[in-house]
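To keep things clear, I will list the structure first and then write my remarks on it.
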């Protein structure tokens, strides 16, 4: 199995440095070869486990929790760019295209 | 003995008898940090309010609080309001959390005093603390060696007596392995026993916060404070907390069945673990060899589950709301995010992620069967002592391989303790005592018994 590292990096939105594609490629080949042990086990009847303590449907009421929420000022406190109480996000639509 | 060397119990006795003040206790820890941290690099950020808080507490003591006046170190993936929290990742270099992790809040409520935030593998992605974006922590027993990880800063800080206790988090080995390599006591509670709220997530289905301490009683005292259901973490368990630090003694081992998984008796640590098993046998326990699934399968399951969950958890870092943009991620984060995304993608999900979760079911079933008959099992935490710096740099699965003897228990959400059980070439070795989910009291009692019969946990590194 050959992983397309450049394609994955685009999907994950992860900028790579020169040389990293080759290093990641080699690492993925090694890792996927190693985890192929799993194919030695006959498991088709096993259900997959996602939650180990078997909790199910943990709900809370759909209402504000004032002791948990952040104020607008707090929410913006770590943002590099803000404008009139909002986060500034990079432009994702290119009108010139 | 210097004040910073005290255990929780010793410090409490001294404080209450007014033999020393909280300010003196905190000062002793800060002095130790000042003297040795430039050499070991356990801390990333110090709490400059620690002494002021100590003064306030000295003026108005409240001994009803279970950890009143006790200085501790906190792994840097726990959010601390207004105090820089980076998870050792440059992406979060200037991040100032707006709220506290539940674990931290509970420690504050219990009267503990934060000394500072400890170094770790960046995002907890590793078992060496060498992948920290801020440089490695060194092992206090020998600075040419790794402290283990990812909670390496916390483990080394306890070993070097820079704090009375510390907090770490474990996804698969990240408390127990650095505890083993640094010669301290590390406890991983059952998954969901301690809230993950406000802990920077690594693999959400196995992340478990827990203590690193100077002995088992201290580990129990801290766990009793931080454990319990949390409305902010839906995966925290609603089961009542059954941890009683004052009742660890008096465990009767007579006739109790303890398992020794043959597949886990690996490396140089094997002989020391067999000697440790003798200690339990002398007390009347019935030690039996058992066979478990080869740990190589647990490496595979853990690798796939963890990388998949990492890819989801690191997706949120956009550099817009907080932190730097995604170009600031270092190599391990890229490695894990990309492979995790691959394992979850259409066409490969069944082959990798789902298959891993199916084997996870098999691992859980095997443990269920084992614990029908046995109280717990004994094994090395790691096959050998702390490896040298640089060992893990070129292996894409270094952490997974180093942690192979604790991964099965982590993916099954079990509880386990690491206690020092001897030394090889002057470096400590850890014994794991691992039991079924929610058997914290039994496992801590077993650790207490072992430490009442041995003195390995009392040895200190020469700094």
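When the helix-only estimate is applied to chain A (DSSP H runs of n ≥ 4, each -39,500 (n - 2.57), divided by the residue count), what is the mean residue ellipticity at 222 nm, nearest 500 deg cm²/dmol?
On the way: 3 runs with 29 residues, N = 97.
Mean residue ellipticity, 222 nm, calculated: -8500 deg cm²/dmol.
At 7 Å along the Cα-to-beta-carbon direction for both residue B:463 and residue B:263, put a label point, then send me their distance in nm to one decimal.
Label at residue B:463, label at residue B:263, 4.2 nm between them.
Indicate, rounded to the nearest 5 percent, the antiparallel portion of the DSSP beta bridges found entirely in the protein assembly as shown. Don't jump to the answer; show the numbers that get you there.
Working: 33 of 48 bridges.
Given both bridge residues lie in the protein assembly as shown, the antiparallel proportion sits at roughly 70 percent.
If you average the sequence gap of Cα pairs under 8 Å that are 6 or more apart and divide by the length of the stretch B:72-187, what percent do you get for the contact order?
On the way: 281 pairs, mean separation 27.9, N = 116.
Relative contact order here is 24 percent.
Report the calculated FRET efficiency for residue B:312 and residue A:30 (r = Cβ-Cβ distance, R0 = 22 Å), to the nearest 0.05.
On the way: r = 23 Å, r/R0 = 1.05.
Efficiency, rounded to the nearest 0.05: 0.45.
May I ask for the distance between the Cα centers of the stretch A:15-49 and the stretch B:70-93, given as a whole number of Å?
Centre-to-centre (Cα) distance: 31 Å.
Mind giving me the nanometre distance, one decimal, between the label points for residue B:252 and residue A:50, set 7 Å out from Cα along Cα→Cβ?
In this crude spin-label approximation the distance works out to 4.5 nm.
Express the relative contact order of chain A as a whole percentage, based on alpha carbon pairs under 8 Å and six or more residues apart in sequence. Working shown, then result.
Numbers: 24 pairs, mean separation 15.0, N = 97.
After rounding, I find 15 percent.
Using mean Cβ contacts within 10 Å as the protection proxy, how do B:453-459, B:94-100 order, highest first?
Averaged packing, sorted descending, gives the order B:94-100, B:453-459.
In whole angstrom, and with the biggest value first, how far do the Cα coordinates of chain B range along each principal axis?
Principal extents (Cα only, largest first): 62, 60, 44 Å.
Measuring from centroid to centroid over Cα atoms, what is the spacing of the stretch B:333-400 and the stretch B:222-275 in Å?
20 Å
List residues of the stretch B:137-179, by number, whose backbone nitrogen lies under 20 Å from a label position 7 Å along Cα→C-beta of residue B:388.
In the stretch B:137-179, the label zone of residue B:388 (backbone N under 20 Å from the point 7 Å along Cα→Cβ) covers B:137-149.
Fewest first, what order do B:141, B:63, B:181, B:123 take by the number of other Cβ atoms within 10 Å?
Working: B:141 25, B:63 11, B:181 35, B:123 30.
Placing the least packed residue first, the sequence is B:63, B:141, B:123, B:181.
Tell me whether chain A comes out rounded, prolate or oblate; compute the Cα gyration tensor, take square roots of the eigenvalues as a ≥ b ≥ c, and use a/c under 1.5 as the rounded threshold.
Values: a/c = 3.05, a/b = 1.27, b/c = 2.41.
It comes out oblate by the Cα gyration axes.
When a footprinting reagent is the concern and you count Cβ atoms within 10 Å, what order do B:205, B:252, B:330, B:382 take, fewest first?
Values: B:205 20, B:252 11, B:330 17, B:382 28.
If I rank by nearby Cβ atoms, fewest first, I get B:252, B:330, B:205, B:382.
Just to be sure I understand: of the beta bridges DSSP finds with both ends in chain B, what percent are antiparallel, rounded to 5?
Working: 31 of 46 bridges.
Bridges in chain B are about 65 percent antiparallel.
How high is the relative contact order of the stretch B:3-458, in percent, counting Cα pairs under 8 Å that sit 6 or more residues apart? Write out the running numbers ahead of the final one.
Numbers: 1120 pairs, mean separation 77.4, N = 456.
About 17 percent, as a whole number.
Would you give the gap between the C-alpha center of the stretch B:419-452 and the C-alpha center of the stretch B:98-173, rounded to a whole Å?
Their Cα centres are 19 Å away from one another.
Go ahead and estimate [θ] at 222 nm for chain B from helices alone: -39,500 (n - 2.57) per DSSP H run with n ≥ 4, summed, over the residue count, rounded to 500.
-11000 deg cm²/dmol
What distance in nm separates the two pseudo spin-label positions at residue B:34 and residue B:423, each 7 Å out from Cα along the beta-carbon direction?
Inter-label distance under the simple model: 3.0 nm.
Taking the number of other C-beta atoms within 10 Å as the exposure measure, put B:348, A:95 in order starting with the fewest.
Going from least to most buried by this count: A:95, B:348.
Set the Förster radius R0 to 30 Å, insert the Cβ-Cβ distance between residue B:52 and residue B:9 as r into 1/(1 + (r/R0)^6), and round the FRET efficiency to 0.05. The partial results should precede the final answer.
On the way: r = 26 Å, r/R0 = 0.86.
Working from the Cβ atoms, E equals 0.70.
Since every read-out is calculated from the coordinates, none of them should be taken as a lab result. Because the structure is a prediction, the values reported are computed rather than measured. Cβ atoms come from the backbone with ideal geometry, glycine included; neighbour counts cover every protein chain shown.
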